[in-house]
Amino acid sequence: MTKQEQVKAIFIEEAGEIIEKLDVDIIRFEENAGNFDLLNEIFRGVHTLKGNANAFGFTRLGEFVHHFEDVLDHYRSTKEEIETHHLELIVSSVDVIKEVMVCELDALPDLPNEYEGCLEGIKSLIASKKGYPSSFETQDSIGSFSDLASEFGLECPEQYENGMLQSIEMMRTAHQAGMQIYRIELTLDSDAYKRGFDHLIFIGLLAEKALSIESFFPLESVPTLENFAEDTNHITKMGIILLTTQALSEVEENFEFLFDHEYSIKPIESSPEPVAVPKREVVVPKTQSAPKASPGSDTSSLNTASKSTIRIDTFKLDELFDSVGELVIAQNFIAQNEKIRLIEDESISRTIETLSKITKRIQDRVMSLRMVAIRDTFDKMKRVVRDTSKKTGKELHLNVLGEETEIDKTMIDSLSDPLIHIIRNAIDHGLEADAQERLNVGKKVEGTITLRAYHKSGSIVISVSDDGRGINKEKVLQKAIERGVITGDENLSDSQIFGLILQPGFSTADTISDLSGRGVGLDVVKTSIEKLRGKIEIESREGEGTTLSMVLPLTLAIIDGMLVQTAGEIYIIPTLSVVESFRPEQEIVHVIKGQGEFVSMRGQHIPIIRLSDVFTLTTDRIEPWEGILVCVETEAGRIAIMVDELVGRQQVVIKPLGKSLAKLREISGGAILGSGDIALILNVDELRPMIEAPHAGN
Amino acid sequence: MEFDGDALTIDLSMSKEEIKEFEAFVRPRIDYIDRIEIVDGGILKSSALLALLMSLKKTRRELIIPFLEKGVTVSPAYGTIHWICHDKTRTS
């Protein structure tokens, strides 16, 4: 990738982030249309987006955003109350911006159908607000335009400075080693044209070796025709922000046709890391005075804004994490090494202890780098709730709890789609069909959807609850039998019955909407969550509502496992699946002819799976009551894994398996234990009972 | 340059000499021109044209010049150029 392509990729990524934030903020603003601080924030994002769009020739996006910005600017300046239909137009405009961005990125010739209509809508809105057909026609008389000079004196420099600062900030985000940002300001004499100077020729020269260049022309000094002369330079001031790999002396070569007093060029301090994130904070609101350019102070405000965060390639983070995993293994090896333990030296023991503490601290800190609050994902869901509510015509209130809960960044990225589907499903099918149905059962007209994230037993739970009609178990069973998912002879628990709605092609919805009900969604949700080594739990009470919970591990890189031993080998069972472990009484172990061994627990016959059989391990065959049964929850229901003994519980760093072992479906990964031994992590969903055990009582 | 009724269509890629001719043409007709449009595909070649368009706008505020109102132009040769030709709000 060339540097220019890299710069473009960064700009595109940023534009995507701005749009994503816009999508969230606009809904927050819709909820509280009097929050002009938020409107200011939205405006600044849109302004930056316009710059980004235009900088890379996304003119269709640029034009739309330009007019949209006018609308926002009007409301933020006047603090005028926004009428409901205009608010709707503003929210729709964000949708158009999202779609146009996709068209621009994919270089699609056709724009979304809503583009023209929405653009006309915002143009008409701004025209009606200002009472003129174009943005220039605001004055009462021709003469009054020139009377604006004093007003220009206040506003133009501020805009000029804001524009320059934002441009610097954009360049800073693209800055990489070997690049330099320059702030160039020209104060030209009126005879510049006569000396062969032209602003555009000059910019063209700089642009030849620029990675990015942005220039600003304040036109307040241009006179009316009466005083205009084509050979006189009326644009006396100009600012340029240049991103280049050229040294100062090389850039200065372009200035040889100008007098010394006509230009200034200042290298802008770059951020310490390749990319500094915050830029929106840099834009100076109109109500504040813009920072003035003075020697040595060009970037002071920018430095303040950019010091807090840096952007790091997740690949590097993963590498760091892997290295820390190795460090933990090495540290465990030292701590558990018998030979080292035998050395009776206090200083060595203390050093090992200190090493252990430091390693743990490093591990925790590196882990925390991957963790991000789930707030942003929840914020995005507000839009989903709003849109689904409008589409279904159901009044509802959204409760959001536990937004601060942190979750692995990798998982966050994969959570949006399942969450969207679950929320849509909850609104579309969970809540009662209409207000009357709710009133009939004594509920408020307004339904409630609760989105919650919390920690539970070392896992993260993200749940979506509705206070709707709940799941009709009979109806689910009937559908499952109709579709051959079950035979009807099974003795299913409530959770197993609810789990049926997660089966492919299963839907109890009487009608199919474009939101949900096709039965092609929840099974995909289930698959997505299982890919994250999580599971879905459903609780429901008929007439009261349903809660669908996604139970996820804290991170994808470390697993909390129960270490078990069988035939001298150590295996790891993910504790997320473990229900209980016990040594069974002989009386509760049974053999059913043709079906194998079972253990009876609370009226349920749970198949026993001998781990030694699964992996064909050579061992003395013992009876189930002589070993330990670890009862785990799987896709197909509970199973009891028979092992020789429990070793303990431990967090292990997951290591991928080699090609040959990867084919074994019963294993999902490997881990290196503190002793240096390798243990395999069981994929409990793939463990199947061995038919007919030769021994077993009763 | 085309003059159709009250709308004038010009090419952005004017040389200094062509800008001079354009100025000479438009000066006596400023009161009869309602709109100045730009031919697609042209690239601004001289800042003098930008200054002239701004001057025309300041001279006759009813004149509609969509290009000027955009406040920004982008080209591979010059990067992004913003101009600030403000009324009460802003155009860039």
When (1) within 34 Å of the chain's Cα centre (by Cα); (2) surrounded by 15 or more Cβ atoms within 10 Å (Cβ to Cβ); (3) polar (S, T, N, Q) are applied to A:SER323, the one that fails is (2)
Requiring at least 1 residues that are in contact with a Cys (Cβ under 9 Å, 6 or more places away or on another chain), the strands (runs of 3 or more DSSP E) wholly within the stretch A:623-680 are A:637-643
Of (1) out of contact with any helix residue (DSSP H, G or I) (no Cβ under 7 Å at 6 or more places or on another chain); (2) without any contact (Cβ under 8 Å) to a residue 24 or more places away in the chain, A:GLY62 satisfies every one except (1)
Regarding the stretch A:228-243, can at least one residue be identified that is within 10 Å of chain B (Cβ to nearest Cβ), of a type in the set (Phe, Trp, Tyr) and more than 46 Å from the chain's Cα centre (by Cα)? yes
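Tell me, please, whether a residue that is in a loop (DSSP other than H, G, I, E, B), surrounded by fewer than 20 Cβ atoms within 10 Å (Cβ to Cβ), at pLDDT 70 or above and more than 9 Å from every other protein chain (Cβ to nearest Cβ) can be found in the stretch A:289-305. Don't jump to the end; show me each part of the working.
Initially, the stretch A:289-305 is screened for residues in a loop (DSSP other than H, G, I, E, B), giving A:289-299.
From what is left, the residues that are surrounded by fewer than 20 Cβ atoms within 10 Å (Cβ to Cβ) are A:289-297.
Then drop every residue that is not at pLDDT 70 or above, which leaves none.
Looking for residues that are in a loop (DSSP other than H, G, I, E, B), surrounded by fewer than 20 Cβ atoms within 10 Å (Cβ to Cβ), at pLDDT 70 or above and more than 9 Å from every other protein chain (Cβ to nearest Cβ), one finds none in the stretch A:289-305, hence no.
Table: residues versus (1) at pLDDT below 85; (2) buried (at least 16 other Cβ atoms within 10 Å of the Cβ); (3) not assigned by TED's automatic domain parsing to the domain that holds A:HIS74.
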site: A:ILE90; (1), (2), (3): no, yes, no
site: A:SER93; (1), (2), (3): no, yes, no
site: A:VAL100; (1), (2), (3): no, yes, no
site: A:PRO112; (1), (2), (3): yes, yes, no
site: A:ALA127; (1), (2), (3): yes, no, no
Condition set under 20 Å from A:VAL525 (Cβ atoms) and without any contact (Cβ under 8 Å) to a residue 24 or more places away in the chain, scope the stretch A:375-420, selection nearest to the chain's Cα centre (by Cα): answer is A:ASP413
The number of residues in the stretch A:151-165 that are modelled with pLDDT of 70 or more and more than 10 Å from chain B (Cβ to nearest Cβ) is 2
Over the stretch A:570-587, the set of residues buried (at least 17 other Cβ atoms within 10 Å of the Cβ) and over 40 Å from the mean Cα position of the chain (by Cα) is A:PRO584
Restricting attention to the stretch A:445-464, the residues that are closer than 16 Å to A:ILE536 by Cα, of a type in the set (S, T, N, Q) and either surrounded by 14 or more Cβ atoms within 10 Å (Cβ to Cβ) or in contact with a Pro (Cβ under 6 Å, 6 or more places away or on another chain) (or both) number exactly 2
- Query: Going by the conditions given, is A:LYS409 surrounded by fewer than 17 Cβ atoms within 10 Å (Cβ to Cβ), at pLDDT below 90 and assigned by TED's automatic domain parsing to the domain that holds A:ARG469?
  - Reply: yes
Being at the interface with another protein chain (Cβ under 10 Å from one of its Cβ atoms), touching a strand residue (DSSP E or B) at 6+ places or on another chain (Cβ under 8 Å) and either surrounded by fewer than 22 Cβ atoms within 10 Å (Cβ to Cβ) or at negative phi (or both) narrows A:ALA174, A:ALA207 down to just A:ALA207
Item checked: Hey, A:ILE497 at pLDDT below 90, under 25 Å from A:PRO574 (Cβ atoms), under 30 Å from the mean Cα position of the chain (by Cα) and not in a loop (DSSP other than H, G, I, E, B) or not -> no
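Collect the residues in the stretch A:345-366 that are among the small types (Gly, Ala, Ser), surrounded by 13 or more Cβ atoms within 10 Å (Cβ to Cβ) and over 37 Å from the mean Cα position of the chain (by Cα), keeping them in residue-number order. Spell out the reasoning first.
Within the stretch A:345-366, the first condition is being among the small types (Gly, Ala, Ser), and the residues that meet it are A:347, A:349, A:356.
When the remaining residues are screened for being surrounded by 13 or more Cβ atoms within 10 Å (Cβ to Cβ), the result is A:349, A:356.
A:SER349 - this is the single residue of the stretch A:345-366 that is among the small types (Gly, Ala, Ser), surrounded by 13 or more Cβ atoms within 10 Å (Cβ to Cβ) and over 37 Å from the mean Cα position of the chain (by Cα).
Is it fair to say A:PHE217 is within 46 Å of the chain's Cα centre (by Cα) and either surrounded by fewer than 16 Cβ atoms within 10 Å (Cβ to Cβ) or modelled with pLDDT of 85 or more (or both)?
Details: within 46 Å of the chain's Cα centre (by Cα): yes; either surrounded by fewer than 16 Cβ atoms within 10 Å (Cβ to Cβ) or modelled with pLDDT of 85 or more (or both): yes.
The answer is yes for A:PHE217.
The values are calculated or read from the model by the stated rules, or taken from the named source; none is laboratory data. None of these values were measured; they are calculated from a predicted model. Note: ideal-geometry Cβ built from the backbone for every residue, glycine included; neighbour counts use all protein chains shown.
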